[in-house]
Amino acid sequence: MSYERTGRLGGPPTVELPRHSVSVTAVVLHSDGRVLAIQREDDGRWVPPGGVVELDETPDHAGIREVLEETGIQIEPDVLTGVYKNMVLGVVSLTYQCHPISGEPRPSDEALQSAWLTLDEVKDRMPEARAIRVFDALRSDSPFVRVHDGSRLL
């Protein structure tokens, strides 16, 4: 596979590297065993909170920011539990197990609802590609590397 392209203004070819988007997913575990989730505003799906890592921030800080923006919950990341790539969109998501520090779940511009879900609710409501991140975060043999199509594992 070649990544060459014509240079700017007709100059010599330059190397074009593959482009990926990097995001973060926060699996926030409540002391009672429930998991923080949002119902996305754009497609209505239930997922763990998270989003794009901005160029000027670290992945763990992106997780803290995204969870606060989407749910009103202040968190602390504990450990990286997996790396998940959407093969259709080229999005690589770093998933962290986290614990809550303060706040109560609330809706936001990006979330119709945010709530603490039981593991049975996670299994029933979340697409497989998102639920697996929650269940992987509960295991002691992480981190995991998995690929998916946006809904299903490949």
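The values are calculated or read from the model by the stated rules, or taken from the named source; none is laboratory data. In this text, all values refer to a predicted model and were calculated from it rather than measured experimentally. As a convention, Cβ positions derive from the backbone with ideal geometry for all residues, glycine included, and neighbour counts pool all protein chains shown. Accessible surface areas use protein heavy atoms only, side chains included; no ligands, DNA or RNA. Shrake-Rupley method; radii C 1.70, N 1.55, O 1.52, S 1.80 Å.
Filtering segment 115-127 for residues that are loosely packed, with under 13 Cβ neighbours inside 10 Å and free of Cβ contacts under 8 Å to residues at least 24 places away in the same chain leaves a non-empty set. Scanning segment 15-40 for residues that are more than 14 Å from Ser114 (Cα to Cα) and of a type outside the set (A, V, I, L, M) turns up Glu16, Pro18, Arg19, His20, Ser21, Ser23, Thr25, Ser31, Asp32, Gly33.
Does Glu70 qualify as being of a type in the set (D, E, K, R), touching a residue at least 12 places away in the same chain (Cβ under 8 Å) and either open to solvent by less than 60 Å² (accessible area, probe 1.4 Å) or in contact with a Phe, Trp or Tyr (Cβ under 6 Å, 6 or more places away or on another chain) (or both)? Yes; evaluated as a whole, the condition is true for this residue.
Taking the options Gly72, Gly33, name whichever one is at pLDDT 95 or above and in contact with a strand residue (DSSP E or B) (Cβ under 8 Å, 6 or more places away or on another chain). If you could, list the steps in order and put the result at the bottom.
Working: Gly33 fails: in contact with a strand residue (DSSP E or B) (Cβ under 8 Å, 6 or more places away or on another chain).
None of the other options fit; the residue is Gly72.
Give Glu128, Glu110, Glu70 a once-over and let me know the one that is under 21 Å from Asp149 (Cβ atoms) and of a type in the set (Asp, Glu).
Numbers: Glu110 fails: under 21 Å from Asp149 (Cβ atoms); Glu70 fails: under 21 Å from Asp149 (Cβ atoms).
None of the others qualify; the one that does is Glu128.
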